[in-house]
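See structure below.
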Amino acid sequence: MRIALAQLNPTVGDLAGNVDRMTRAARDAAARGAEVVVFPELSLTGYPPRDLVEKPAFLEGCERQLNRLALETADLGLSVICGYVARSDAETGKRALNRAALIEGGEIVFRQSKMLLPNYDVFDEARYFRPAEREYLCALRGVPVALTICEDAWNDRRFWKERLYQRDPVEELFEAGAQMLICINASPYNLGKRAIRRNIYRAAARRYAKPVIYVNQVGGNDQLVFDGTSFVMNSAGEVIAAGRSFEEDLILCDLEAGTGDRNEDFAEECAAAYQALVLGTRDYIRKCGFSKVLIGLSGGIDSALTAVIAVDAVGRENVTGVGMPGPYSSESSVIDARTMAEKLRIRFEIVSITGACERFEQELAPLFQGTEPGVTEENLQSRLRGVTLMALSNKTGAMVLTTGNKSELAVGYCTLYGDMCGGLAVISDVPKTLVYQLARIANQRHNGAIPENVFTKPPSAELRPDQKDTDSLPPYEVLDPILEAYIEHYRTPREIAASYDLSLELVQDIINKVDRNEYKRQQAAPGLKVTTKAFGVGRRMPIAQRFAG
């Protein structure tokens, strides 16, 4: 059987546009000799559709466009497998189903609903969908196939020490006589995820001694980035066909011959994370209807990395850097920002906030009488920069990209309505230590556009004389492991202190900062998820709470 894996980049809710994209891919697959083309999970709707599935008109549109896909591909002599949202006919329970359909000769000949509905981390499927009570063998060109949807293939009792579900649809289907596994997916990216997937499906191929076809969505949808990285494995768990990561691809595989296209890329995980940020930024901007972006270029490493990602995402002609020197900005920072803008060949403008800051302080002086200058005055500078960027955004129609990293956001080392202003927080899930690594990759791609001084000077917000981040925080080499242990692994302060040979007082202080600043994070711009536990969509904590530990 010659199978084409079509990893496409759908736009959530663009039902007609997604079907157009699928039709073109199906025609291309047929022209290349494929007998079957397989599209990802919810390829017709985009993933995740979230509360759109609550709209009756959305469900009606899904069925209508599924029928159009059948008509558009009727003359191709091709079997088409795709994912879509269907209306549930059950009298009780959720009104929607997460489904896979098999289309042949212009007819929908088989429908399979998803059984295991993830309801953890970024997933909310139990909120929207009714689970299948059982799954059935799919007859694909005379071959009995286990056709599953994403999570349905992630519950192998021999792979996981602890499973989330009692049922294993894959095991049940192979016991019923399946001769291969086809799994359609919308599996978001995070560091290390691509290797985990291959290990899971390799174990399945070897356990059942049958080939495995894995097709994944690609593209950015809000905070999630889908990497694609589709593959086919033979019965020994060997990869015989593989798709690219972070871009659309059409991969052909001949199961009988055991051969296929091999388009694997981004073997190094840090380079993969960089590309995930580029893709997520590009799609968020494009799918929200923007084309141009604004970035506050401070001369620091965070804004530098954000600017290079933006150039790779939307093109240098669509990126404007804005330097906003204030009372305590160093001359070297302004020079570094300008030098970088020149090397990247992006537009660069200078808007000083010093005069505005002085005027504000004069106007507020009567109300501040008897108090010492401090954080209030520092935040005033940051907020004036936010006002400047948002004014330029309103005037030009360009989206502001915020430049704060995960380490800063975690401990509240950021200013509401100041440096947190913007439409997308590009690196808000990137710890500071990883920022430096990604910036090196950015420099490799752009011939050293980020000046070396940006890498070597001590990080500083430059909001008071000779300020350094380490005035308020431990070195990032110490801070980031604490944050990862607490945020991603839920370890206690005592466990963290013992593991890293740190004082309990230091660890508790950092954790207190994390907990106290939840109110800031819930007002932040959406960010792109690249770690296992991102703020926002991946971590949902109460703001008003008193649990410590």
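The values are calculated or read from the model by the stated rules, or taken from the named source; none is laboratory data. In this text the structure is predicted, and so the values were computed from the model without any measurement. For neighbour counting, all protein chains shown are included, and Cβ atoms are generated from backbone atoms with ideal geometry for every residue, glycine included.
Tabulated data for the structure shown
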item: Unique residue being surrounded by 16 or more Cβ atoms within 10 Å (Cβ to Cβ) and in contact with a strand residue (DSSP E or B) (Cβ under 9 Å, 6 or more places away or on another chain) when the list is PRO56, PRO40; result: PRO40
item: Qualifying residues in segment 502-549 (those that are touching a residue at least 24 places away in the same chain (Cβ under 8 Å), part of a loop (DSSP other than H, G, I, E, B) and of a type in the set (Lys, Arg)) - the one nearest to GLN223 (Cα to Cα); result: LYS529
item: Filter result for the condition that a residue is surrounded by 21 or more Cβ atoms within 10 Å (Cβ to Cβ) and in the same structural domain as GLU452 (by TED's automatic domain parsing), over ALA356, ALA398; result: ALA398
item: Among residues of segment 22-58, those that are over 20 Å from PRO188 (Cβ atoms) and of a type outside the set (Val, Ile, Thr), counted; result: 18
item: Subset of segment 269-296 that is more than 17 Å from GLY397 (Cβ to Cβ) and among the aliphatic types (A, V, I, L, M) - its residue that is surrounded by the most Cβ atoms within 10 Å (Cβ to Cβ); result: LEU277
item: Enumeration of residues in segment 472-521 that are charged (D, E, K, R) and over 22 Å from ILE543 (Cα atoms); result: GLU477, ASP480, ARG494, GLU495, ASP501, GLU505
item: Residues (under 18 Å from VAL426 (Cβ atoms), touching a Phe, Trp or Tyr at 6+ places or on another chain (Cβ under 9 Å) and polar (S, T, N, Q)) located in segment 485-543; result: GLN523
item: Selected residue (criterion: surrounded by the most Cβ atoms within 10 Å (Cβ to Cβ)) from residues of segment 120-175 that are in contact with a Gly (Cβ under 8 Å, 6 or more places away or on another chain) and among the charged types (D, E, K, R); result: ARG130
item: Segment 112-123 residues that are closer than 21 Å to LYS533 by Cβ, paired with ones that are modelled with pLDDT under 90 (beta carbon under 8 Å, 6 or more apart); result: PRO118/LEU164; TYR120/LEU164; ASP121/GLY538; VAL122/VAL537; VAL122/GLY538
item: Residue in segment 59-77 that is surrounded by the most Cβ atoms within 10 Å (Cβ to Cβ), counting only those that are without any contact (Cβ under 8 Å) to a residue 40 or more places away in the chain and among the acidic types (Asp, Glu); result: GLU63
item: Any hit, segment 187-194, residues being of a type in the set (Ser, Thr, Tyr), within 21 Å of VAL85 (Cα to Cα) and assigned to a loop (DSSP other than H, G, I, E, B); result: yes
item: Complete set of residues in segment 297-319 that are surrounded by fewer than 24 Cβ atoms within 10 Å (Cβ to Cβ) and not in a helix (DSSP H, G or I); result: GLY300, GLY315
item: Residue in segment 359-379 that is closer than 29 Å to THR456 by Cβ, crowded, with 22+ Cβ neighbours inside 10 Å and either in contact with a Pro (Cβ under 6 Å, 6 or more places away or on another chain) or in the same structural domain as ASN453 (by TED's automatic domain parsing) (or both) present; result: no
item: Residues of segment 413-434 that turn out to be among the β-branched types (Val, Ile, Thr) and either farther than 16 Å from LEU297 by Cβ or surrounded by fewer than 24 Cβ atoms within 10 Å (Cβ to Cβ) (or both), as a count; result: 3
item: Exclusive hit being crowded, with 19+ Cβ neighbours inside 10 Å and assigned to a loop (DSSP other than H, G, I, E, B), set LEU117, LEU102; result: LEU117
item: Subset tally (residues that are surrounded by fewer than 18 Cβ atoms within 10 Å (Cβ to Cβ) and either in contact with a Cys (Cβ under 7 Å, 6 or more places away or on another chain) or in contact (Cβ under 8 Å) with a residue 24 or more places away in the chain (or both)) for segment 14-34; result: 7
item: Every residue from segment 331-356 that is in contact with a helix residue (DSSP H, G or I) (Cβ under 6 Å, 6 or more places away or on another chain) and either outside any helix (DSSP H, G or I) or over 11 Å from GLY321 (Cβ atoms) (or both); result: ASP336, ARG345, ILE346, PHE348, VAL351, ILE353, ALA356
item: Checklist (1) outside any loop (DSSP other than H, G, I, E, B); (2) over 26 Å from the mean Cα position of the chain (by Cα); (3) surrounded by fewer than 19 Cβ atoms within 10 Å (Cβ to Cβ) applied to LYS94, failing item; result: (1)
item: Qualifying residues in segment 320-333 (those that are more than 14 Å from GLN381 (Cβ to Cβ) and touching a strand residue (DSSP E or B) at 6+ places or on another chain (Cβ under 6 Å)) - the one surrounded by the fewest Cβ atoms within 10 Å (Cβ to Cβ); result: THR320
item: Candidate set: segment 247-296, residues that are of a type in the set (Phe, Trp, Tyr) and either within 15 Å of the chain's Cα centre (by Cα) or assigned to a strand (DSSP E or B) (or both); chosen: the one nearest to VAL387 (Cα to Cα); result: TYR284
